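Here the structure comes first, spelled out in C-alpha cells, and everything after it is commentary.
The values are calculated or read from the model by the stated rules, or taken from the named source; none is laboratory data. Computed from a prediction, not measured in an experiment: that's the story for all the values here. Neighbour counts are summed over all protein chains in view; Cβ atoms, including those assigned to glycine, are modelled from backbone coordinates with ideal geometry.
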Amino acid sequence: MLHLPAWATDTLRRAEPGLPPDRPLALWETVRGGMRLCAVDRHAERAGLSPGQPLSDARALCPGLIVREADHEWLAARFADFADWHSYAGPIVSVLPEEGRHKPAYGTLGIDIAGVAHLYGGEQAMLDGVTTRLENLGFSVSGAIAPAIGTAWALARHRPGTILAPGGEEEALAPLPVSALRLPEATIAALGRLGLKRVGQLYARQRKAMQARFGSLFIARLDEALGRGNERLVPRLPAPERHVERRFAEPIGLIDDVLATTADLALRLAGQLEREAAGAQGFHLFLYRVDHKVMVLSVNAARPTRDPGHIARLFAHRADRLGGEYDAGFGIDMIRLAATTITPLAPRQDGAFAPPDGTADLVRLKDRMASRLGPLAVSRTGFVDSHIPERAVRLEPAIAPLPDDPRAAPDPALPRPLRLLPAPERIEVLAQVPDGPPASMVWRRLPYRFLRASGPERIGIEWWVPGEEALTRDYYVAEDEAGRRFWIFREGLYAAETREPRWFVHGLFC
Amino acid sequence: MHGRKHAQIETLRARIAALEERLPASGEEMAPLPTSQDPLALPGGLLHEVFTDARRNGAAMLGFALGLARPLLGPGRPALVFVQMAGEAQEAGLPYGAGLAHFGVSPESLLICRVESVVELLWAIEEAALCRAVAAVIADIGRPHKALDFTASRRLSLRAADAGSTVLLLRYGTGREASAARFRWRLSPAPSAGMAFDARAPGRPRWRVDIEKGRLGKGAGSPGFFLDWTEHGFAILDRAEPGAAGVAGAPSSGAASAGLGNRYSEAG
C-alpha cells in the first residue's frame, strides 16, 4: 500500500516546473459556497495550513502561498495513469477511494505483491525500491506491506515502512489512532467523544453494542483493518492471464529495441503456453515509461496461437501502424507481454509432416494484415438476407470467426455486377418511354449511348423495415457502344409512385 | 569483335540466370509457357500487368483478372486477395460478392484488403503473395505512383516466383513504366454479340486483348485478339472482327463444330 499525502500538489509541481520550489502551494475548491483548501504541500503544512481551511484564512496565515483551483477530474486521470504504471511492480493495481468523498479518488494506491516480492530481493527491498523511486521523482510517499488491505492502509499512513507478517495485526494496530480505520469523520468524532482514541481500545468492546451505535460499516472497517475481512483490490487494468516481462537497467527508446525484446518475450510466453498445452488469441504489450505512463499495444489473432514468430510479427506490424503515436518519452524501463483469451491448444508438431495445404498460412496472413492495416481494412464478403443490393452484401472483418450458419448466397441466376458503387451515383438518362429501358446517359460528365439493355428487374422496398421510405427500383443491365456494361436503376415507378423518376448508376458489369 | 562481346554478354546472362535459378527475365528469350486446353490457363507464380485506358473499364479489368486467376484456385490454394486503395472505393466500386459467382469465384474465397497508402499497398501485395494458400493477388491501382517502379515490380515478380502465387496489377491509363512483369496485357471492353434469343440484350462479356509483353502457348491467337467469357472459361475468338450483329466467331477451344457449338453454349 502506498500513501501519497501530497500527490495533488506534487503532481502540479511536476506539471508546472516554473513554480518556485520553496514556496508553499495549496489547491482550493468550492465547498458549500465557500472557497476552501483541499490539498496542501509540505511547506504549507509547516506554515500551519490544512485542508478544509477557508482560502482567505490561509492567505492571511501564509502570505507567500501559491494557490490553484483543484481540477479533480484531471488529478484523478493523472493518478489513474500513475497507478497503471505501477503495475510494473505487481499485476493488480488499484486506486483506493477516499473515505467520505464521492469525488474521483487519488492519493492511495494498493498493489497486490503476492508472489512478486522475491523478484526485488524481498519485501523490504521492494518497498524501499518503490518508495525511493517515487521520492526521487519529487513525490512524498509512505508505504507499508501487510496481509490485508485495511491493515496496509492504516500502516502506510501511521507507521510508514512497516512490513507486517500475518498474525501481527492486532498488536501493530493497537497504538494507532482510530482515524487509521478508514472511517467517516463523523464516526471518528463520535468515537473521540467516548474517549476511544486508539484502535487498541476497541478490541475489548462488545461488537453488537458497537454495531448498534456506529453502524455496520464501522465493524466492517475494524475487521478489515485486523485482517479478518474479505476485501479485494479492484484491478484497474485487466489482469492478464499469463505474462512475461523484462526490465532494463537503462531505459530504452527505439521501437526496434522494443520489438526485439518483444520477440524474446514472445518466445518465453510461447514456452509457458506450450507447457500448459494452451494458446491465446489476445496479446497485449505493456510499455512502462520512466515518466509514469503505460502504453498498451494489443493485437488479436483469428485463432488461438502460441507461435512466437507469429506473435512477434503481429506486434511488428501493429507498431508500423503506430506512426507518430509512438512516444517513448524519457525511455521505457520495463516491457510486459501478456496473453488473454486463453484456450486449450493441443501440442502439435509443425514442420516435417504437416499437410502442405496453406490454411494455417491463410489465417496467419489475415492476422498479419489486420495488425498492420487495421482490423477493418481486411474483410470478406458476408451475405445478409435482403433484396436491396447494397444491403444484401456486407464486408465483415476477415479475422472474425465465420458465422455458424453461412447465409446462402443470392440466386446466381440474377444478374449482379462485378463492382458495386458504395453509393449509387445520380445520372441523366434519356429513355424512349418513361418506363422503358435507358437509351443514353451522362455519367461522371461523359456521355454513353446504349445499344443493348436487359431488364427490368424490379426490386421493391423492404416495407417491413421500420422507417423505410425508399421507392421501388427497376434495374437494367445496359451495354454501351464500346461494350461497357452498367447496372443502372430507375427510382420510382412512373405514374404510380412519381412523375419524374430519377436514374442512378449502381454497379459495373464486366 | 562484335561476336566476342555478344558471347560475353550471353555468358553473363547465363550466370545471372544460374544465380537466380530461373529463366532470364527478358521477354523475347522465354520459351512459350506450357498451356492446357484453355490458352489463358497460365501457370502460377507470375507477375502480370493489366492495363486499360480509362478508369471506367474497371469492371472489365476485374473480370479478366478473375478469369486468369480462376484456374489457379484449388484445394491447396483456396484464396484470392483483392487489394485496393481505401479512397478509391467509390470511384472504382467494391468487388460485389453476389457478382463473383459468374466468374466461378466463390465470394468466401475473396479477401478484400483496403490500404491507405502505396507503401501499404505494396506491402499487402507482397505479404499476400508469400502466403501459400493464396492463388492470386489482384491489386487495383487507380493512379500511377512513383513507388511502382522497376524495382518494385522486380521485387513482386521474385516474390510471386518464390511462393508460386500469381500477382495481377490492374493499372489504368496510357503511361507505361519499365517493369519486370512476365506479361503485360492491354484490355478494353468490346461490344458483346448479344443474347441468342434477344439480340437487344447484352450477351457474354467480351474483351479486346493486346499482349504488349510475353507470349502465349501454341494455338493461342496473335498479339491482338478478342476474348469471350463462357461458362467454361475464356474462349478466344477468331481473328476476324466479330460482327456487331451477333454472328460471333468460333471459340478456339472446345466445340467440334464451331458455329453450332457457339450457338448451343449461348443458349445454355
Of (1) at the interface with chain B (Cβ under 7 Å from one of its Cβ atoms); (2) under 30 Å from B:Phe82 (Cα atoms), A:Arg452 satisfies every one except (2)
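Applying the selection to the range A:109-129, what residues are in contact (Cβ under 8 Å) with a residue 40 or more places away in the chain and either on the phi > 0 side of the Ramachandran plot or surrounded by 21 or more Cβ atoms within 10 Å (Cβ to Cβ) (or both)? Don't jump to the end; show me each part of the working.
Filtering the range A:109-129 for residues in contact (Cβ under 8 Å) with a residue 40 or more places away in the chain gives A:109-112, A:123.
If the condition is that a residue be in contact (Cβ under 8 Å) with a residue 40 or more places away in the chain and either on the phi > 0 side of the Ramachandran plot or surrounded by 21 or more Cβ atoms within 10 Å (Cβ to Cβ) (or both), then A:Leu109, A:Gly110, A:Ile111 are the ones that fit.
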Identify, by number, the condition in (1) in contact (Cβ under 8 Å) with a residue 60 or more places away in the chain; (2) touching a Pro at 6+ places or on another chain (Cβ under 9 Å); (3) part of a helix (DSSP H, G or I) that A:Thr261 doesn't meet.
(2)
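Output the residues belonging to the range A:332-360 that are modelled with pLDDT of 80 or more and surrounded by fewer than 16 Cβ atoms within 10 Å (Cβ to Cβ).
Of the residues in the range A:332-360, the ones modelled with pLDDT of 80 or more are A:332-345.
The answer is A:Thr341, A:Thr343, A:Pro344.
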For residues that are free of Cβ contacts under 8 Å to residues at least 12 places away in the same chain and not in a helix (DSSP H, G or I), scanning just the range B:92-116, find the one that is farthest from the other protein chains (Cβ to nearest Cβ).
B:Ser106
Any chance A:Gly215 is buried (at least 18 other Cβ atoms within 10 Å of the Cβ), more than 27 Å from the chain's Cα centre (by Cα) and over 30 Å from A:Arg78 (Cβ atoms)
no
Would you pick out the residues in the range B:129-148 that are in contact with an Asp or Glu (Cβ under 6 Å, 6 or more places away or on another chain) and under 19 Å from B:Thr166 (Cα atoms)?
B:Cys131, B:Arg132, B:Ala133
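When you scan the range A:473-493, how many residues do you find that are in contact with a His (Cβ under 9 Å, 6 or more places away or on another chain) and basic (Lys, Arg)?
Of the residues in the range A:473-493, 1 are in contact with a His (Cβ under 9 Å, 6 or more places away or on another chain) and basic (Lys, Arg).
Based on this model, can you work out whether B:Ala136 counts as free of Cβ contacts under 8 Å to residues at least 60 places away in the same chain, on the phi < 0 side of the Ramachandran plot and in the same structural domain as B:Leu68 (by TED's automatic domain parsing)?
No: the conditions fail for B:Ala136.
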Identify, please: which residue in the range A:360-379 is part of a loop (DSSP other than H, G, I, E, B) and more than 7 Å from every other protein chain (Cβ to nearest Cβ) and is, among those, farthest from the chain's Cα centre (by Cα)?
A:Leu376
Within the range A:407-448, how many residues turn out to be at the interface with chain B (Cβ under 8 Å from one of its Cβ atoms), free of Cβ contacts under 8 Å to residues at least 40 places away in the same chain and buried (at least 20 other Cβ atoms within 10 Å of the Cβ)?
1
Given the conditions (1) within 11 Å of chain B (Cβ to nearest Cβ); (2) in contact with a Leu (Cβ under 9 Å, 6 or more places away or on another chain); (3) acidic (Asp, Glu), report the number of the one that A:Glu457 does not fulfil.
(1)
Considering only residues that are surrounded by fewer than 24 Cβ atoms within 10 Å (Cβ to Cβ) and either within 14 Å of chain A (Cβ to nearest Cβ) or touching a helix residue (DSSP H, G or I) at 6+ places or on another chain (Cβ under 7 Å) (or both), which ones fall in the range B:157-176?
B:Arg159, B:Asp162, B:Ala163, B:Gly164, B:Tyr172
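Do we find that B:Arg143 is facing chain A (nearest Cβ under 7 Å), surrounded by fewer than 24 Cβ atoms within 10 Å (Cβ to Cβ), basic (Lys, Arg) and touching a helix residue (DSSP H, G or I) at 6+ places or on another chain (Cβ under 9 Å) in this structure? Don't jump to the end; show me each part of the working.
Values: facing chain A (nearest Cβ under 7 Å): no; surrounded by fewer than 24 Cβ atoms within 10 Å (Cβ to Cβ): yes; basic (Lys, Arg): yes; touching a helix residue (DSSP H, G or I) at 6+ places or on another chain (Cβ under 9 Å): yes.
Against the criterion (facing chain A (nearest Cβ under 7 Å), surrounded by fewer than 24 Cβ atoms within 10 Å (Cβ to Cβ), basic (Lys, Arg) and touching a helix residue (DSSP H, G or I) at 6+ places or on another chain (Cβ under 9 Å)), B:Arg143 does not qualify.
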Does the range A:114-149 hold any residues that are within 18 Å of A:Phe82 (Cα to Cα) and of a type in the set (Ser, Thr, Tyr), and which are they?
A:Thr131, A:Thr132, A:Ser140, A:Ser142
Within the range A:485-510, track down each residue that is more than 18 Å from A:Arg426 (Cα to Cα) and among the charged types (D, E, K, R).
A:Glu497
Would you check which residues across the range B:199-215 are surrounded by fewer than 17 Cβ atoms within 10 Å (Cβ to Cβ) and within 7 Å of chain A (Cβ to nearest Cβ) and list them?
B:Arg200
For the range A:205-213, does any single residue satisfy the condition of being out of contact with any Pro (no Cβ under 7 Å at 6 or more places or on another chain), among the hydrophobic types (A, V, I, L, M, F, W, C), not assigned by TED's automatic domain parsing to the domain that holds A:Ser94 and not in a helix (DSSP H, G or I)?
no
Scanning the range A:146-170 residue by residue, the ones that are more than 14 Å from A:Glu123 (Cα to Cα), under 30 Å from the mean Cα position of the chain (by Cα) and crowded, with 24+ Cβ neighbours inside 10 Å total 3
Could you check how many residues of the range A:473-510 are modelled with pLDDT of 90 or more and assigned to a loop (DSSP other than H, G, I, E, B)?
4
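Kindly indicate whether A:Gly455 is surrounded by 17 or more Cβ atoms within 10 Å (Cβ to Cβ) and part of a loop (DSSP other than H, G, I, E, B).
Values: surrounded by 17 or more Cβ atoms within 10 Å (Cβ to Cβ): yes; part of a loop (DSSP other than H, G, I, E, B): no.
Against the criterion (surrounded by 17 or more Cβ atoms within 10 Å (Cβ to Cβ) and part of a loop (DSSP other than H, G, I, E, B)), A:Gly455 does not qualify.
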Of the numbered conditions (1) more than 13 Å from chain B (Cβ to nearest Cβ); (2) closer than 16 Å to A:Arg419 by Cβ, A:Arg484 fails exactly one; give the number of that condition.
(1)
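Does B:Arg204 meet the test of being under 19 Å from B:Val105 (Cβ atoms), touching a Phe, Trp or Tyr at 6+ places or on another chain (Cβ under 9 Å) and assigned to a loop (DSSP other than H, G, I, E, B)?
Details: under 19 Å from B:Val105 (Cβ atoms): yes; touching a Phe, Trp or Tyr at 6+ places or on another chain (Cβ under 9 Å): yes; assigned to a loop (DSSP other than H, G, I, E, B): yes.
When the stated conditions are applied, B:Arg204 passes them.
How do the helices (runs of 4 or more DSSP H) wholly within the range A:65-161 filter down when requiring 1 or more residues that are under 19 Å from A:Val40 (Cα atoms), basic (Lys, Arg) and not assigned by TED's automatic domain parsing to the domain that holds A:Ala6: which remain?
Numbers: elements: A:72-85, A:123-136, A:149-158.
In the range A:65-161, the matching helices (runs of 4 or more DSSP H) lie at A:149-158.
Determine whether B:Ala89 is within 9 Å of chain A (Cβ to nearest Cβ), surrounded by 22 or more Cβ atoms within 10 Å (Cβ to Cβ) and at pLDDT below 90.
No: the conditions fail for B:Ala89.
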Assuming B:Glu126 fulfils every condition listed in (1) within 7 Å of chain A (Cβ to nearest Cβ); (2) surrounded by fewer than 20 Cβ atoms within 10 Å (Cβ to Cβ); (3) closer than 16 Å to B:Val167 by Cβ apart from one, which condition is it?
(1)
For the range B:45-86, enumerate the residues that are touching a residue at least 40 places away in the same chain (Cβ under 8 Å), of a type in the set (D, E, K, R) and within 7 Å of chain A (Cβ to nearest Cβ).
B:Arg77
Residue check for B:Glu177: more than 17 Å from the chain's Cα centre (by Cα), more than 20 Å from B:Gly45 (Cβ to Cβ) and not hydroxyl-bearing (Ser, Thr, Tyr)
yes
